[in-house]
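Taken together, the values in this text are just the output of simple stated rules run on the coordinates, not laboratory data. Predicted, not measured: the structure shown is a model, and the values here were computed from it. Neighbour counts are summed over all protein chains in view; Cβ atoms, including those assigned to glycine, are modelled from backbone coordinates with ideal geometry.
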Amino acid sequence: MEVIGRILRAEHLADARIRQVLRRYGLDRGGFDLLATLRRSGPPCQLTPTALYRELVLTSGAVTHRVDALARAGLVERVPDPDDRRGTLVALTQRGREVADETMAAHMGCEAELAAALSEQDQSVLAALLRKLLIGMETGATKEEAQ
């Protein structure tokens with residue numbers, strides 16, 4: 001209970017702070033994830049809807065909903081796919097690139113502030129332990145198998 005309870009409490013507190021940062025840019029976590037995914041894809045910052053839902057691990061309907069909201073905000077646009085006459089790509093607009101860059105920087109700053117109570121060495125140790133915990137949870141490994 002001590003470990004999982006603290007992880008859940010940390011997630012709750014971090015989520016609240018991250019949402020607060022994203023709200024400054026008119027985004028929720030889902031919109032931010034989509035913008036960041038497009039931005040990380042590199043120039044020209046565009047992907048097919050299929051690539052987006054695979055990358056974000058979402059349904060095609062969820063991606064459509066997010067794209068529609070971001071398009072209404074002028075942050076993304078649908079453009080014809082030059083490699084597929086019937087296809088479309090989701091592309092960042094110039095404003096979308098600016099918002100993505102600003103938001104990503106603010107998000108990283110927020111994460112750094114959240115972890116600031118730990119030294120870099122403590123952060124590395126915690127990250128390694130959490131990785132080990134997650135691998136065990138994801139694979140169903142027992143304590144002996146994880147070591």
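Overview of results
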read-out: Under-5 Å amide H pairs with ASP81, H placed in peptide plane, nonlocal only; value: GLY87, THR88, LEU89
read-out: Between 0 and 90°, nearest 10: helix 120-139 axis offset from the chain longest Cα axis; value: 80 degrees
read-out: Mean separation of Cα contacts under 8 Å (6+ apart) over length of the chain, as relative contact order %; value: 21 percent
read-out: Order by protection proxy (mean Cβ within 10 Å, highest first), peptides 50-60, 81-91, 32-42, 130-140; value: 32-42, 50-60, 81-91, 130-140
read-out: Residues ARG54 and ARG86, FRET efficiency given R0 of 25 Å [Cβ-Cβ distance, rounded to 0.05]; value: 0.85
read-out: Cα centroid separation, segment 78-120 to segment 1-73 (Å); value: 9 Å
read-out: Additional length obtainable on full extension of the chain from ARG6 to ALA128, 0.36 nm per residue less Cα span; value: 42.3 nm
read-out: Which label in (1) 1.33; (2) 1.06; (3) 1.22 gives the computed Rg/Rh (Cα atoms, Kirkwood Rh); value: (2)
read-out: Nitroxide proxy distance, nm - points 7 Å out along Cα→Cβ at ALA117 and GLU138; value: 2.7 nm
